[in-house]
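Taking it in order: structure first as structure tokens, then the write-up.
The values are calculated or read from the model by the stated rules, or taken from the named source; none is laboratory data. The shown structure was predicted, so the numbers you read here are calculated from the model rather than taken from an experiment. Every residue, glycine as well, gets a Cβ built from its backbone with ideal geometry; the counts of neighbours run over all protein chains shown. Accessible surface areas use protein heavy atoms only, side chains included; no ligands, DNA or RNA. Shrake-Rupley method; radii C 1.70, N 1.55, O 1.52, S 1.80 Å.
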Amino acid sequence: MAVRLLAHEVSDICLGKPALRSISVSATLADALSALKRLGENYISVWNCACHSSKSGSGDDCRCVGKISVVDVVSFLCREENLSQPAVALHSPISVIISEVPVIVRHLQPHASLVEAIDLLLEGTQNLVVPIQTRTFAKSRKKVLKEVAPFDCTLHNNLEYCWLTQEDIIRYLLNSIGLFSPTSITPINSLNAIDTANILAIHYDDPALSALPLLSQAIIHQSAIAIVDSDGKLIGEISPLTLNSCDETVTAAIVTLSAGELMAYVDCGDPPEDLLQLVKDRLEERNLGALLEWVEEDSAMSSCSSFYSTSSDDDSGSSLGRSGKFGKPSARQVRSSETAACNPRSSLVAVMIQALAHRVPYLWVVEDDGRLVGIITFVSMLKVFRERLKSMC
């Protein structure tokens with residue numbers, strides 16, 4: 001059984017995966033936001049070519065060079081130089097963001113082994129881009145010849161691609177968890193799987209804007225920023241996954257609210273009116289009238305009701321799947337306000353199941369009294385499995 005697992009190829013994990021939607025690295029940030037809203041996805045793949053622009057059969061001309069999310073765009077808009085002209089900043093090419101982050105996307109052939117995939121993920125890769133072998137592309141080629149939106153494109157180098165994530169590999173390993181006994185039932189504090197040195201955390205009363213450098217690290221490491229009280233107890237988090245459920249106008253909340261206020265703002269699904277008014281007042285105090293006007297204009301174009309209307313909103317009526325109401329997450333995409341956490345004495349398999357159930361790539365590790373002691377991520381879980389696989393060889 002163990003030998004067969006070692007022989008598994010990434011194509012086995014690709015079965016049933018949808019084709020990647022893509023956008024060109026030369027497109028604008030506004031184009032990327034439009035694509036994300038239309039597709040209702042957290043990320044869209046970024047390629048160094050336009051749809052079907054590479055030479056037929058070349059195989060290497062057209063490559064995925066990264067991915068982009070709402071959080072990436074919001075972080076860019078929060079820069080001091082962009083706050084006075086957010087609408088202008090959105091016309092910047094995607095390359096201004098992609099060029100600043102480490103390579104987190106790698107191409108991999110379908111015949112590559114499971115171990116090769118795990119090794120790439122442990123090196124820092126977040127998404128493995130794999131050609132889909134089992135499809136007939138005649139219809140896709142005909143589709144390309146028609147006029148389509150840039151982000152409707154799925155064809156590159158005459159192939160369609162899917163991508164594999166850390167979550168995909170963890171789910172796949174969970175299906176074979178019996179092979180990893182007794183490791184799978186061992187407490188995580190006995191497996192050196194808890195990261196106690198790289199905890200991204202800020203205090204409840206700290207400005208949310210001070211979290212931006214940590215947010216960049218959280219995106220790279222597939223984690224989040226813990227919000228703690230004066231005793232080091234976990235109160236909640238600022239998660240890239242949650243912020244991805246908002247629209248770009250959440251920028252105004254980030255630059256005006258405290259960390260705790262921002263957590264309440266994005267966690268509820270519908271920000272309280274007092275927080276909405278607080279954001280407006282602080283924008284005016286900081287002479288960020290241009291940002292306020294942009295927010296209100298964007299809200300007016302994206303929502304039937306005014307940003308400061310007290311009437312209830314029905315997100316189901318939005319064809320974009322997101323609300324344009326000042327960073328409000330859509331009902332479909334809003335995440336639970338419950339922060340996913342586990343105990344240091346939880347077993348590895350229990351932590352895997354809990355993380356997969358919450359659809360997060362990490363769990364905060366807290367003691368019984370609520371004190372934050374570390375974090376366990378999919379990467380640290382994969383390290384444990386990689387060591388076990390080595391012993392199987």
Quiz item: How much of the accessible area of the stretch 220-282, probe 1.4 Å, is carbon plus sulfur, in whole percent?
Solution: 49 percent
Self-check item: Shape metrics for the stretch 353-393, restricted to C-alpha atoms - Rg then Dmax, Å
Solution: 12.9, 42
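First select every other residue whose beta carbon is under 11 angstrom from the beta carbon of R371; then total the charges, Lys and Arg +1, Asp and Glu -1. Mind dumping the intermediate values first?
On the way: positive: K233; negative: D229, D231, E367, D368, D369.
It works out to a net charge of -4.
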Exercise. Along Cα→Cβ, 7 Å out, is where each label goes; now give me the distance between the ones at E81 and S11 in nm to one decimal.
Key: 4.8 nm
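Rounded to a whole number, what % of the accessible area of the stretch 334-379 do carbon and sulfur atoms account for, probe 1.4 Å?
Details: 880 of 1770 Å².
On the stretch 334-379, the fraction of accessible area on carbon and sulfur atoms equals 50 percent.
Between N198 and D274, what's the calculated FRET efficiency when r is the beta-carbon distance and R0 is 41 Å? Round to 0.05.
On the way: r = 35 Å, r/R0 = 0.86.
According to the calculation, E is roughly 0.70.
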Quiz item: Karplus couplings for the stretch 283-290 from phi (6.51 cos²θ - 1.76 cosθ + 1.60, θ = phi - 60°), rounded to Hz, Gly and Pro as x?
Solution: 4, 5, 4, 8, 6, 9, x, 5
Quiz item: Does anything in the stretch 363-393 have its amide N under 18 Å from the 7 Å Cα→Cβ label point of S113, and if so which residues?
Solution: 382-393
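Skip the ligands, DNA and RNA, and give the accessible area per residue of the stretch 353-393 with a 1.4 Å probe, whole Å².
Roughly 42 Å² per residue, with all protein chains present.
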